[in-house]
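The values are calculated or read from the model by the stated rules, or taken from the named source; none is laboratory data. Note that the structure is predicted; figures quoted are calculated from it, not measured. As a convention, Cβ positions derive from the backbone with ideal geometry for all residues, glycine included, and neighbour counts pool all protein chains shown. With ligands, DNA and RNA removed, areas are computed over all heavy atoms of the protein, side chains included. Shrake-Rupley method; radii C 1.70, N 1.55, O 1.52, S 1.80 Å.
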Amino acid sequence: DTGVSQDPRHKITKRGQNVTFRCDPISEHNRLYWYRQTLGQGPEFLTYFQNEAQLEKSRLLSDRFSAERPKGSFSTLEIQRTEQGDSAMYLCASSLRTGGSTYEQYFGPGTRLTVT
Amino acid sequence: GNSVTQMEGPVTLSEEAFLTINCTYTATGYPSLFWYVQYPGEGLQLLLKATKADDKGSNKGFEATYRKETTSFHLEKGSVQVSDSAVYFCALSSWQGAQKLVFGQGTRLTINP
């Protein structure tokens, strides 16, 4: 397995446009997380899925943001009506939760969004 | 809520120097503690972890001990190399629920030959 992949790696968009990012987790992982990282800061949690169910969303996730994970496989994160403050690196991570234990989160390379 | 405070950077050392990056946390219950590393142009990688008090995580010559009494998880390495230049993040996760990671702000480390 090649790990967590994200697409695109870079996205430049104009303010007000919609953007969508994709994350493909490690195939057997049932948990998928989205984080946002701004320059000079650590990543901040946005939302997570267990299989196809979105179980928690951060207050950072305004109503312009929506995430899906159809069929519990890949996930998409959409930002509508982008604003300059949305410029950041968007990170996806996956992990395996089984038998009451959770294993480490593996991160993808991220999608860097620049809103002009 | 849960939070992590890391030593501010950047940190610049000479090769073979001793490294300490301080990390303290605030959390309810019994979190797991992690150090992640981000090399230039690459994604976050788990460096080491500890899941209960007094556990020592170690990897690639780096070590950190989970100190519940001081709520700390300081990262140490006895002799750093140029290849250790990266950004280091301390993080915690709760043992239940989402187990989302809460990160510190990161410490940029540069090792000069």
Residue list for segment B:42-59, filter: open to solvent by 80 Å² or more (accessible area, probe 1.4 Å) and either within 14 Å of another protein chain (Cβ to nearest Cβ) or in contact with an Asp or Glu (Cβ under 8 Å, 6 or more places away or on another chain) (or both): B:GLU42, B:LYS49, B:LYS52, B:LYS56
Criterion: of a type in the set (Gly, Ala, Ser) and at positive phi - qualifying residue of A:GLY72, A:GLY85: A:GLY72
Yes/no for B:ALA64 being part of a strand (DSSP E or B) and either away from chain A (no Cβ under 14 Å) or under 23 Å from A:GLY3 (Cα atoms) (or both): yes
Leading residue by the ranking (farthest from the other protein chains (Cβ to nearest Cβ)) among those in segment B:17-41 that are touching a helix residue (DSSP H, G or I) at 6+ places or on another chain (Cβ under 9 Å) and assigned to a strand (DSSP E or B): B:LEU19
Considering residues of segment A:29-51 that are under 14 Å from A:ARG97 (Cα atoms) and more than 9 Å from every other protein chain (Cβ to nearest Cβ) only, the residue most open to solvent (accessible area, probe 1.4 Å): A:ASN51
Selected residue (criterion: most open to solvent (accessible area, probe 1.4 Å)) from residues of segment A:13-28 that are modelled with pLDDT of 90 or more and assigned to a loop (DSSP other than H, G, I, E, B): A:ARG15
Members of segment A:49-72 found to be hydroxyl-bearing (Ser, Thr, Tyr) and either over 13 Å from the mean Cα position of the chain (by Cα) or modelled with pLDDT of 95 or more (or both), listed by number: A:SER62, A:SER66
Complete set of residues in segment B:69-98 that are buried (at least 19 other Cβ atoms within 10 Å of the Cβ) and among the polar types (S, T, N, Q): B:SER93
Leading residue by the ranking (least open to solvent (accessible area, probe 1.4 Å)) among those in segment B:1-16 that are more than 23 Å from B:SER79 (Cα to Cα) and not in a loop (DSSP other than H, G, I, E, B): B:VAL4
Subset of segment A:52-69 that is among the aliphatic types (A, V, I, L, M) and in a strand (DSSP E or B) - its residue that is surrounded by the fewest Cβ atoms within 10 Å (Cβ to Cβ): A:ALA53
Whichever residue in segment A:70-108 is touching a strand residue (DSSP E or B) at 6+ places or on another chain (Cβ under 8 Å), assigned to a loop (DSSP other than H, G, I, E, B) and within 14 Å of chain B (Cβ to nearest Cβ) and, among such residues, is most open to solvent (accessible area, probe 1.4 Å): A:TYR103
